[in-house]
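Since the structure comes first, as structure tokens, the remarks are kept for the end.
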Amino acid sequence: MPVAALAVALLVTAAPTAAGQVLQQIDEIVTRSFYSKGQLAHVDWPSLVQKARAKLASAPSEDARDAILEDLVAGLKTSHTEYLPRSRPEYWDIASIFESFLKNARKRCAPGEFPPAPVKRDGIGVFWKRIEGRWFVAGILDGGPAAKAGLHAGDEIVQAGGSPFSPVRSLEGRAGKLVRLTVRRASGGPLHEIPVKPARLSPQAEFRDAIGTSARIIERAGARIGYVRVWSWAGEEMQSALREAINDLNGKKMTAFILDERDGWGGASPHYLDIFDTRPPVVVSTSRGGRTISLDAQVRVPAVLLVNGGSRSGKEVVAYGVKKHHLATLVGTKTAGAVLPGTPYCLKNGALLYLAAGALTVDGEVLEGRGVAPDVVVPFDVRYSDGEDPQLERALEILSASSR
């Protein structure tokens with residue numbers, strides 16, 4: 001055997017490195033807990049692990065090792081199945097959403113494998129999308145630092161403080177301090193500098209608060225169209241915030257309603273559809289001084305549900321129910337087709353393994369890999385859209401016409 005080949009063989013078969021130990025941990029969890037033995041056989045999981053182990057032996061950096069492990073888990077070709085290092089913004093979202101579960105589950109996370117509670121990170125209120133190696137603002141949470149700074153959906157963030165941009169590393173430790181972002185708003189266009197001040201926030205709390213701050217009335221052709229965006233629907237606290245927003249919009253005499261569930265995270269339970277139930281009575285309380293309080297968190301007007309390829313998980317269950325029972329008009333593009341229940345696992349290096357834990361049907365139908373098609377198809381590529389939103393505009397057209 002040539003000397004170089006022998007050296008590689010010795011590296012591969014030597015005592016596991018830190019990355020090798022993480023690989024071994026991933027292999028054990030997947031083999032034990034991944035929901036489908038058939039899919040493991042179909043992708044030849046042992047072969048994928050062996051190839052990843054060989055690549056790790058010569059990986060030159062932590063980022064390179066993370067990329068190898070990301071590709072390995074992606075090889076399972078299943079939704080809710082990802083390797084999430086702390087350098088990815090999705091890590092912090094999932095860690096926050098599952099914080100109670102991971103903290104309370106016995107022996108699930110060893111000391112040091114999970115951030116201290118409450119899970120927080122320095123951010124600017126953006127839902128990020130990495131496309132062809134570039135970071136884009138896929139959406140802006142209402143009321144957050146990015147919204148106040150004037151960033152637009154569709155912006156490509158090229159640099160932060162003169163260095164290549166990363167949604168986690170470029171903002172880490174910068175809460176309360178100005179960060180100068182270099183932004184491109186048109187493909188091949190000029191670069192602009194926008195200063196923004198990150199805040200240290202819990203992602204789950206940020207998602208919850210954004211529901212209320214997104215709520216508004218949009219006046220169009222005589223119609224008063226209520227609008228709310230749900231970035232995460234994971235947990236009853238999100239549904240409560242949505243109900244409060246609907247109650248507020250009803251008090252402002254909305255004549256139509258848009259519920260925007262594009263992108264973000266799922267988690268919605270099937271019974272969240274009850275916001276479209278018009279049977280609960282409207283309750284009005286009047287004080288001695290004549291002050292009235294109306295309790296009406298139901299959608300009683302024509303409605304649109306905005307969906308896209310980022311509408312996933314429980315949001316797809318809601319979209320399915322809305323379409324099946326004609327509760328609202330679905331506008332946008334087909335949902336993700338990613339509905340398997342997922343479970344997070346802490347790894348030795350502080351990363352998370354998010355793993356599909358079971359199969360799922362909705363009214364006997366399989367949505368995994370299929371998604372829910374909208375009633376009205378409106379294509380939309382967010383890149384360089386400069387804040388324009390043709391899907392929202394189409395929803396406004398539909399509802400303003402129905403209100404005439």
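The values are calculated or read from the model by the stated rules, or taken from the named source; none is laboratory data. Computed from a predicted structure; not experimentally measured. Cβ: placed from backbone, ideal geometry, glycine included. Neighbour counts: every protein chain shown.
Side notes on the structure shown:
- In the set (1) over 22 Å from the mean Cα position of the chain (by Cα); (2) in the same structural domain as ALA297 (by TED's automatic domain parsing); (3) surrounded by fewer than 15 Cβ atoms within 10 Å (Cβ to Cβ), the condition left unmet by PRO190 is number (2).
- Residues of the range 129-150 classified as buried (at least 20 other Cβ atoms within 10 Å of the Cβ) and in contact with a helix residue (DSSP H, G or I) (Cβ under 8 Å, 6 or more places away or on another chain), total: 4
- Criterion: of a type in the set (Lys, Arg) and either farther than 30 Å from LYS37 by Cα or touching a strand residue (DSSP E or B) at 6+ places or on another chain (Cβ under 7 Å) (or both) - qualifying residue of ARG370, ARG288: ARG288
- Within the option set GLU113, GLU90, GLU99, GLU82, being under 16 Å from the mean Cα position of the chain (by Cα), of a type outside the set (A, V, I, L, M) and modelled with pLDDT under 95 holds for one residue only, GLU99.
- Filtering the range 101-127 to residues that are of a type outside the set (Asp, Glu), in contact with a Gly (Cβ under 9 Å, 6 or more places away or on another chain) and at negative phi leaves PHE114, PRO115, GLY123, ILE124, VAL126, PHE127.
- Restricting LYS334, LYS323 to those that are charged (D, E, K, R) and in a loop (DSSP other than H, G, I, E, B) reduces the list to LYS334.
- For the range 113-128, the criterion of a residue being aliphatic (A, V, I, L, M), touching a strand residue (DSSP E or B) at 6+ places or on another chain (Cβ under 7 Å) and closer than 17 Å to ILE26 by Cα is satisfied by no position.
Here's the yes/no breakdown for (1) out of contact with any His (no Cβ under 6 Å at 6 or more places or on another chain); (2) among the acidic types (Asp, Glu); (3) surrounded by fewer than 18 Cβ atoms within 10 Å (Cβ to Cβ); (4) in a helix (DSSP H, G or I):
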| site | (1), (2), (3), (4) |
| --- | --- |
| LEU23 | yes, no, no, yes |
| LYS51 | yes, no, yes, yes |
| ALA59 | yes, no, yes, no |
| ALA64 | yes, no, yes, yes |
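- Selection of the range 171-190 for residues being part of a loop (DSSP other than H, G, I, E, B) and basic (Lys, Arg) yields ARG174, LYS177, ARG185.
- The residue of the range 205-241 that is nearest to LYS120 (Cα to Cα), among those that are of a type in the set (Asp, Glu) and surrounded by fewer than 21 Cβ atoms within 10 Å (Cβ to Cβ), is ASP209.
- Positions within the range 79-98 being in a loop (DSSP other than H, G, I, E, B) and at negative phi, in sequence order: SER79, THR81, PRO85, ARG86, SER87, ARG88, PHE98
- The condition (being in a helix (DSSP H, G or I) and surrounded by fewer than 21 Cβ atoms within 10 Å (Cβ to Cβ)) is satisfied by just one residue among GLU316, GLU393: GLU393.
- When the test is whether a residue is in the same structural domain as GLY332 (by TED's automatic domain parsing), more than 22 Å from LYS324 (Cα to Cα) and in a loop (DSSP other than H, G, I, E, B), GLY290 passes it.
- Answer residue from the range 47-76, given it is without any contact (Cβ under 8 Å) to a residue 24 or more places away in the chain and acidic (Asp, Glu) and is farthest from GLN21 (Cα to Cα) among those: ASP71
- Per this entry, TYR345 is counted among residues that are outside any helix (DSSP H, G or I), out of contact with any His (no Cβ under 8 Å at 6 or more places or on another chain), outside the structural domain of TYR227 (by TED's automatic domain parsing) and more than 23 Å from ILE225 (Cβ to Cβ).
- Scanning the range 363-388 for residues that are surrounded by fewer than 17 Cβ atoms within 10 Å (Cβ to Cβ) and β-branched (Val, Ile, Thr) gives VAL366, VAL376, VAL377.
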